[in-house]
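A quick write-up on the structure given underneath.
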Amino acid sequence: MKNTAPALICLLLAACGGGGGGSSSGGGSGTTPPGSASFLVAGPVVNLEASGLVVANGNDTVTVPKAGTSFVFANKVATGASYSVAITSQPQGFQACSISGTFPAVMASTDVSVPVICADAVVGVSTLAGSDTAGAANGSGSAVRFNGIFGLALDASGNLYVGDGGNSQIRKMTVDGVVTTFAGGTTGAGAAANFAAPTSLVFDTAGNLYVSDSGARNVRKITPAGVISTVAGSGTFDSRDGNGLFASFKQPGGIVIDSAGNLFVVDAKAHVIRRITQQGDVSTFAGTTDVTGNRDGTGALASFNGPSGLAIDAANNLYVADAINNKIRKVTPAGVVTTFAGSGAAGSANGAGTAATFNLPVNLSIDADGFLYVAETQGNFIRKIAPSGKVSTIAGGGSGGDTADTGAGALFHGPTSVVFDKAKTLYVADFNKVRKLVRK
């Protein structure tokens with residue numbers, strides 16, 4: 001094996017602080033006898049964008065920080081002792097990292113550099129529930145029937161909630177894949193409560209479920225006890241600010257909640273983003289009512305065209321699937337609107353920021369590292385946007401009509417919603433199915 005240049009080893013040590021930037025449990029594959037020569041096992045990390053990468057040499061482990069560029073094990077290895085570097089945990093962001101090259105199992109009389117290369121993971125697609133046939137049947141797997149699903153949300157226990165717009169219901173899927181009707185029907189509480197077309201769902205930290213009902217033109221709340229109330233919206237087709245039922249919406253869509261408990265709701269047909277305080281006060285947060293456009297700016301100086309989905313990051317920045325503009329917009333807590341990704345042209349080209357294109361992006365979700373996942377309805381793709389703005393395609397073949405599960409080549413039929421869970425799994429509302437995406 002070619003010896004590593006001393007300059008590279010010095011660079012690694014400088015970057016990692018001689019073993020910092022990660023945790024070590026000690027006891028590598030070859031420990032150093034007292035007084036014997038010993039050498040470092042380290043390496044560069046290329047293209048890492050997310051947290052969660054762990055490399056190990058026996059019992060000696062290093063957790064590589066997000067966007068880390070190198071690692072070095074704390075325990076040196078003696079000449080003639082064995083070593084074996086392995087990746088024990090993959091990062092988030094649907095990235096997959098691998099060790100580049102092969103290395104001898106026995107340490108020579110030199111430091112060793114073991115490169116780790118990261119890239120987009122190969123994604124496997126499966127169907128959790130539903131079929132291409134519309135209906136309203138509960139059960140599990142392909143026996144379940146949905147009718148035009150859109151919104152998805154996960155509770156603290158990992159149960160999935162589905163806005164089944166065509167059936168005017170909210171359905172619940174347990175972690176075991178059993179689907180029941182959670183709310184929807186005529187009038188009353190729980191499964192008997194009335195919805196028109198539940199579109200988007202979000203849970204708060206207390207377990208309350210908020211629902212934007214585009215058909216009833218209001219925002220509802222369902223407590224953990226099943227009590228349903230209207231938070232805001234008179235039901236009148238209008239976009240009027242005010243408190244509670246004195247406010248109105250034209251078509252409430254994507255809904256998220258910030259760290260202070262404020263709700264943000266897309267009013268799609270009014271082309272604005274609305275805010276609802278905990279006191280029920282509704283105001284227009286970004287955009288001008290009934291004005292379409294794609295202008296960046298602050299508050300009413302910005303414009304949207306058919307905004308649809310919302311996501312919110314840990315710093316309370318909003319991300320908007322600006323569907324008809326074919327862009328992803330970013331809105332700061334101060335209401336400053338910029339274009340985060342997408343040129344505005346219809347397409348599915350990958351690239352950095354505004355060099356990329358989208359084809360009717362209608363919904364999005366965000367993970368703990370700030371990666372956005374976009375349901376591109378017209379393009380039939382699931383796209384990923386890194387915090388840097390780099391856009392890539394993680395699943396989909398670009399042609400609709402076939403929703404069969406064919407591994408990494410699976411196709412979609414107008415995906416409308418995505419949600420990312422803590423186990424690095426992405427759920428997709430696809431026509432009348434709920435699909436599951438995992439790294440292979």
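Counting 0.36 nm for each residue step from residue 223 to residue 206 and taking away their Cα separation leaves a gain of 5.3 nm. Ranked by solvent-accessible area (1.4 Å probe, protein heavy atoms only, all chains present), the residues 71, 237, 420 order from largest to smallest as 237, 420, 71.
Taking a straight Cα-Cα cut-off under 14 Å and skipping sequence neighbours fewer than 8 places away in the same chain, the aspartates and glutamates within cross-link reach of residue 76 are 60, 111.
Spatially, the range 85-142 and the range 226-257 are offset by 42 Å when compared through their Cα centroids. Rolling a 1.4 Å probe over the heavy atoms of the protein chains gives the range 123-230 an accessible area of 37 Å² per residue.
The angle between the Cα long axis of helix 6-16 and the main principal axis of the chain comes to about 40°, on a 0 to 90 degree scale.
Projecting label points 7 angstrom from Cα along Cα→Cβ for residue 236 and residue 258 puts them 2.8 nm apart. In this structure residue 250 has an accessible area near 30 Å², from a 1.4 Å probe over the protein heavy atoms. For residue 269, the accessible surface of its heavy atoms amounts to roughly 110 Å² (probe 1.4 Å, protein chains only, rounded to the nearest 10). Using just the helices of the chain, give the 222 nm mean residue ellipticity in deg cm²/dmol: DSSP H runs with n ≥ 4 each add -39,500 (n - 2.57), and the total is spread over all residues, rounded to 500. Estimated from H runs of four or more residues: -1000 deg cm²/dmol.
Taking amide hydrogens as placed 1.01 Å from N in the peptide plane, the amide H of residue 60 sits under 5 Å from those of 28, 29, each at least 5 positions away in sequence or on another chain. Ignoring aspartates and glutamates fewer than eight residues from residue 250 along the same chain, the ones with Cα atoms less than 14 angstrom from its Cα are 213, 238, 241, 267, 290. Taking the structure as given and computing Rg/Rh (Cα atoms, Kirkwood Rh), which label from (i) 1.02; (ii) 1.06; (iii) 0.97 fits? Here Rg/Rh (Cα atoms, Kirkwood Rh) agrees with entry (ii).
Multiplying the residue separation of residue 296 and residue 350 by 0.36 nm and subtracting their alpha-carbon distance yields 17.2 nm.
The shape of the range 39-103 can be summarised by an equivalent ellipsoid whose semi-axes, obtained from the alpha carbon gyration tensor, come to 22, 11, 10 Å from longest to shortest. Calculate what fraction, in whole %, of the accessible area of the chain sits on carbon and sulfur atoms when a 1.4 Å probe is rolled over the protein chains. Solvent-exposed carbon and sulfur of the chain make up 54 percent of the total.
The values are calculated or read from the model by the stated rules, or taken from the named source; none is laboratory data. Source: prediction; values computed, not measured. Please note: Cβ atoms are built from the backbone with ideal geometry, for glycine as well, and neighbour counts cover all protein chains shown. Please note that ligands, DNA and RNA were not included when accessible areas were found on the heavy atoms of the full protein model with its side chains. Shrake-Rupley method; radii C 1.70, N 1.55, O 1.52, S 1.80 Å.
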